[in-house]
Amino acid sequence: MTYDFDLFVIGAGSGGVRASRISAGHGARVAVAEEHRVGGTCVIRGCVPKKLLVYGSHFAEDLVDARRFGWQLGERSFDWPTLRDNVLAEVDRLNGIYQTNLDNQKVTTLHGRAVITGAHSAEVDGKTVTFDKLLIATGARPMIPDLPGAEHGITSNEVFHLEALPKKLVIAGGGYIANEFAGIFHELGVEVTLINRGDTLLRSWDAALRDRLLTISMTKGINFRFNTRFDRVEKLENGCIRIHLHEGEPIETDMLLWAVGRVPNIEGLGLEAAGVELNAGGAIAVDANSRTNIENIYSIGDVTDRIQLTPIAIREGHAFADTVFGGKPWVVDYSCVPSAVFSNPPLGSVGATEAEARNQFGTVKVFTSDFRPMRNVLAGRNERALYKLIVDQASDRVVGAHMIGPDAPEVLQAVAIAIKAGLTKAQFDETVALHPTMSEELVLMR
Ligand code: FAD
């Protein structure tokens, strides 16, 4: 049997593009289908535009602080369309680069929605494609809760395209996306209220960092409501949105942003036609080699819900390509994966939290540095940074690092190398401090 392609990839996002390019480099005939835009969530409506908005919004504070550093500034004003359009132009540029990279590797791009019709066939906008191997890399999409009027809210898919900034914004959720957009829009002058179903933000994060983010966010003026559930959402004649809560008075706002989680993109994909099974959480079930229960079908990235991060999807795609087409099998190591929240201020974390380390190692030593960054001192900004190192007492190995403060994710990436390498606290201490920096705290904690 000859097929149209050796590999058919569904989804040209972080994972799908990497898998396509590397597989083609190994000599495979590859096609990738994309129903939206090449680049996927991260490039088109995730990490990249989000981080650019974080940069754009932070000028609000920088311009205030500048006065303490001697800069006399004229009248300040902010123009949302300028920031929005520049960010979207950068997204277009990256989209073009991703497409060129696929073209250069002779990967065929099929622009359209793919539906699986059998273990070796699919349709893209009605046209049949046959293949030896299939890689499902369809990612995840924002969850919209099942309640009356939920459609009046927007999601992270729409938020980058707003015509104008709202005066008031309610964000539903307490995870990283909710906190990042709370920071962005608050800095841009929007009155932000974050409404969370539970009583904690960023549930999986170290408790001390979560508390610090909440304190700083409240001091800045972001409103929070915890243990609050939505009943229904109503669109008023004047265009405003009224949110009816399970308890307490309704809230009126100009805009509602759902940031309550992401669900694997499997709806209408035709998984049943090929017999692909899901796991208990509703994601595509795979083994360590990203292979599904069907021998020639693999899946990577957010749709498998292992760790929903771009570098993980990319690694899974690369490992798949090397293993299946490159004759160089390897599996992704999910230990010590660093992650960040680009809130204001941002958080970075790698390895075990204090609570996890106590469960896993028994006796642990915790070192903290709670300090006011030099820049904040001169700026008269009363915001303290917090760094935490978690050390396994028996081996002296540093097993976790958690930090909140200016540029924490930048610092954290470097610490992640040391922690992944299994360095001990004594080796951290032997390293001479680089002065004056914030990251010198990492080698000065006694
Ligand atoms: P995706 O990149 O989502 O790609 C899947 C692609 O498949 C999409 O382009 C989709 O259109 C396409 N598709 C789906 N179904 C079909 C079909 N049937 N036919 C054809 N095409 C289809 N991660 C980080 O590491 N750092 C961050 O700072 C970060 N910030 C984020 C901020 C936001 C607002 C969001 C939403 C996500 C963020 N993420 C971040 C997560 C990151 O974007 C994802 O983990 C990553 O994109 C997953 O890659 P993927 O290849 O699995 O899927």
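Here are a few things to note about the model shown:
- Evaluated against (1) more than 16 Å from the ligand (Cβ to nearest atom); (2) within 26 Å of Y387 (Cα to Cα), D254 falls short on exactly one condition, (2).
- Count - residues of segment 400-414 that are open to solvent by 10 Å² or more (accessible area, probe 1.4 Å) and either more than 10 Å from G348 (Cα to Cα) or not in a helix (DSSP H, G or I) (or both): 3
- Within segment 222-241, residues that are hydroxyl-bearing (S, T, Y) reach partners that are part of a loop (DSSP other than H, G, I, E, B) and surrounded by fewer than 15 Cβ atoms within 10 Å (Cβ to Cβ) with beta carbons closer than 9 Å, at six or more positions or on different chains, in the pairs T228/H246; T228/E247; T228/G248.
Yes/no matrix, rows are residues, columns are (1) among the charged types (D, E, K, R); (2) touching a Lys or Arg at 6+ places or on another chain (Cβ under 9 Å):
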{"position": "G16", "(1), (2)": "no, no"}
{"position": "R21", "(1), (2)": "yes, no"}
{"position": "A31", "(1), (2)": "no, no"}
{"position": "G40", "(1), (2)": "no, no"}
{"position": "G46", "(1), (2)": "no, no"}
{"position": "L52", "(1), (2)": "no, no"}
{"position": "V64", "(1), (2)": "no, yes"}
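- Check on A426, assigned to a loop (DSSP other than H, G, I, E, B), more than 20 Å from W205 (Cβ to Cβ) and of a type in the set (G, A, S): no
- The residue of segment 184-197 that is nearest to the ligand (Cβ to nearest atom), among those that are open to solvent by less than 10 Å² (accessible area, probe 1.4 Å) and under 13 Å from N223 (Cα atoms), is F185.
- Residue pairs meeting the criteria (Cβ under 8 Å; at least 6 apart or on separate chains; first without any contact (Cβ under 8 Å) to a residue 24 or more places away in the chain, in segment 402-423; second among the hydrophobic types (A, V, I, L, M, F, W, C)): A418/V398; A418/F428
- The set of residues from segment 133-157 being of a type in the set (D, E, K, R), open to solvent by 60 Å² or more (accessible area, probe 1.4 Å) and more than 11 Å from the ligand (Cβ to nearest atom) comprises D146, E151.
- Across segment 168-177, a minimum of one residue is classified as closer than 21 Å to S343 by Cβ, among the aromatic types (F, W, Y), open to solvent by 50 Å² or more (accessible area, probe 1.4 Å) and modelled with pLDDT of 95 or more.
- Count of segment 159-179 residues which are within 11 Å of the ligand (Cβ to nearest atom), farther than 18 Å from F224 by Cα and not aromatic (F, W, Y): 1
For (1) of a type in the set (A, V, I, L, M); (2) crowded, with 20+ Cβ neighbours inside 10 Å; (3) in contact with a Gly (Cβ under 6 Å, 6 or more places away or on another chain), each residue gets a yes or a no:
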{"site": "S339", "(1), (2), (3)": "no, no, no"}
{"site": "P346", "(1), (2), (3)": "no, yes, no"}
{"site": "V350", "(1), (2), (3)": "yes, yes, no"}
{"site": "R372", "(1), (2), (3)": "no, no, no"}
{"site": "R381", "(1), (2), (3)": "no, no, no"}
{"site": "V398", "(1), (2), (3)": "yes, yes, no"}
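- Test: residue in segment 204-219 that is touching a helix residue (DSSP H, G or I) at 6+ places or on another chain (Cβ under 9 Å) and charged (D, E, K, R): yes
- Scanning segment 275-314 for residues that are touching a Phe, Trp or Tyr at 6+ places or on another chain (Cβ under 8 Å) and hydrophobic (A, V, I, L, M, F, W, C) gives V286, I300, I307, I312.
- Long-range neighbours under 7 Å by Cβ, at least six apart or interchain, first residue at positive phi within segment 50-74, second acidic (D, E): none
- Failed condition for T130, given (1) within 13 Å of the ligand (Cβ to nearest atom); (2) under 30 Å from Y3 (Cβ atoms); (3) β-branched (V, I, T): (1)
- Selection from segment 221-231 of residues that are out of contact with any Ser or Thr (no Cβ under 9 Å at 6 or more places or on another chain) and open to solvent by less than 30 Å² (accessible area, probe 1.4 Å): T228
- Test for E234: is it within 18 Å of E151 (Cα to Cα), open to solvent by 30 Å² or more (accessible area, probe 1.4 Å), of a type in the set (D, E) and not in a helix (DSSP H, G or I): yes
To keep it simple, each residue is scored yes or no on (1) charged (D, E, K, R); (2) surrounded by fewer than 22 Cβ atoms within 10 Å (Cβ to Cβ).
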site: E267; (1), (2): yes, yes
site: G270; (1), (2): no, yes
site: V276; (1), (2): no, no
site: G282; (1), (2): no, yes
site: S299; (1), (2): no, no
site: I307; (1), (2): no, yes
site: A313; (1), (2): no, no
site: H318; (1), (2): no, yes
site: T323; (1), (2): no, yes
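- Residues that are more than 27 Å from I404 (Cβ to Cβ) and part of a loop (DSSP other than H, G, I, E, B) are absent from segment 173-188 altogether.
The values are calculated or read from the model by the stated rules, or taken from the named source; none is laboratory data. Computed from a predicted structure; not experimentally measured. Methodologically, a virtual Cβ is constructed for each residue, glycine included, from the backbone with ideal geometry; neighbour enumeration extends over all protein chains shown. Keep in mind that these areas ignore ligands, DNA and RNA; they rest on the heavy atoms of the full protein, side chains included. Shrake-Rupley method; radii C 1.70, N 1.55, O 1.52, S 1.80 Å.
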